[in-house]
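Single-structure report; data block below.
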């Protein structure tokens, strides 16, 4: 009966009120909705630091940005008569110690890397724990803890704290709690869904990343006028409340409520019968294959799964690019003249959400294309290579007008976030249920943690380097992003070649491919529903 203690209290209550159980399809809808809200809140709570950067450190705001050197791809469009206005705005807002001194930009980069560094390191342990502990409780703990420490960072404003180590510590602890999120939600989705149309389903579901960025930007920018502390407290409250929702309504494992594992050979989910004999069968199944009985694999075993290391290294550079935009795009927009004018911090934060709108489209498109082509690596690499000219055009022409800025920003968001979303969702779930694991979905969180943890190291490095490079020139930042996108695509070359060879071999000799093709497949191509 231990499995029943894992049933979410909210679902138990609904069952008792309705007098009958839900169907498998209904449970899947609930899982998609609750995990979507959960990770939306995770990303919303990461966004405030990018919104308040220009408030904490206005020292090299618009006045200093007048002196940017011309970019090799074209002259930056800036009017010199904006300097007096910029100086007046900077004088009005003196910033917040310890971020407003000569080392202010470096310290802003340091708190980003403190968060992302602890997030990356915590990811490896969190994935292994996620495969050992109850995912619902593990996820709830991480979300509640994240909410508390994100809120405590904002309380530094109300408590008038000007000690850098306080903000550094809050970010590091928050990063550790946030590491619980991604391995857990991907594992839950992998537990409930097979591989059929996984790319499209997870591409749509992964819109929570960009939705969270948008929600976090709007929440943080909306209350910024009342004090920058509120920009952290409100998103912190959002993830705290979402954690309670997860505890009440998220069924993490189908076995715990009487359904079979979709990755097992017998595969078909049991109906939820009401008669006594079928109920005993249901409890027997849940008891014999409950979530607590399966064993998790180690990090070394997970790394040996074909495709894990190449995709993990690719994600290192893909997240370096994506997270640099996530943490620095609002700041960049507030420093760059568009049509010869500088926008406010709030307007820059709101405008930056359009990058994530493009990201939503990119995640869905990448998932759909990879399903159609049955080529995850080729899709991811193509998007990363296409992101290079998109970023060049954004830097070159984004300052001409607001329309050009919006259009080019959305295109860049589509191409940057598309492969990032694909790798962290469908690819991770594919590899986490690889045939070598014999259907043991308890590897899902571990594999996801290895891939996303490696990517998160890049996510920490990008914003840190941007803190240094942006003080010299934004040109250098874009050079770094272009090199990162190129490296991400290059690291998938071997898998892309393997996928292309597989396509040609299928066309030339389908019968022979049925016999020998399995060994050449870089990813698990599902033979079951």
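Backbone N atoms of the stretch 24-54 closer than 14 Å to the 7 Å Cα→Cβ label point of residue 12 are not found in any residue. Residues of the stretch 295-337 falling in the label zone of residue 503, defined by backbone nitrogen less than 18 Å from a point 7 Å along Cα to beta-carbon, are absent. Over the stretch 97-192, calculate the relative contact order: mean separation of alpha carbon pairs under 8 Å at least 6 apart, over the residue count, as a percent. Computed over the stretch 97-192, the figure is 46 percent.
Protection proxy ranking for 393-404, 458-469, 477-488, using the average of other Cβ atoms within 10 Å per residue and placing the highest first: 458-469, 477-488, 393-404. Residues of the stretch 454-476 with amide nitrogen under 17 Å from the 7 Å Cα-to-Cβ point of residue 102? Within reach of a label on residue 102, which here means backbone N under 17 Å from a point 7 Å along Cα→Cβ, the stretch 454-476 contributes 468, 471-472. Among 255, 499, a tally of other beta-carbon atoms within 10 Å of each Cβ gives an order, fewest to most, of 499, 255. Could you tell me which of rounded, prolate or oblate describes the stretch 336-391, using a ≥ b ≥ c as the square roots of the eigenvalues of the alpha-carbon gyration tensor, with rounded for a/c under 1.5 and, failing that, prolate when a/b is larger than b/c and oblate otherwise? Prolate. Among 159, 22, 228, the order by Cβ neighbours within 10 angstrom, fewest to most, reads 159, 22, 228.
Ranked by the mean number of other Cβ atoms within 10 Å per residue, highest first, peptides 122-129, 343-350 order as 122-129, 343-350. Taking label points 7 Å from Cα along the Cα-to-Cβ direction, residue 241 and residue 368 give a separation of 3.3 nm.
Values quoted throughout were computed directly from the atomic coordinates according to the rules given, and no laboratory measurement underlies them. For clarity, every value in this text was computed on a predicted model and none was experimentally measured. Heads up, the Cβs are rebuilt from the backbone with ideal geometry, glycines too, and the neighbour counts pull from every protein chain shown.
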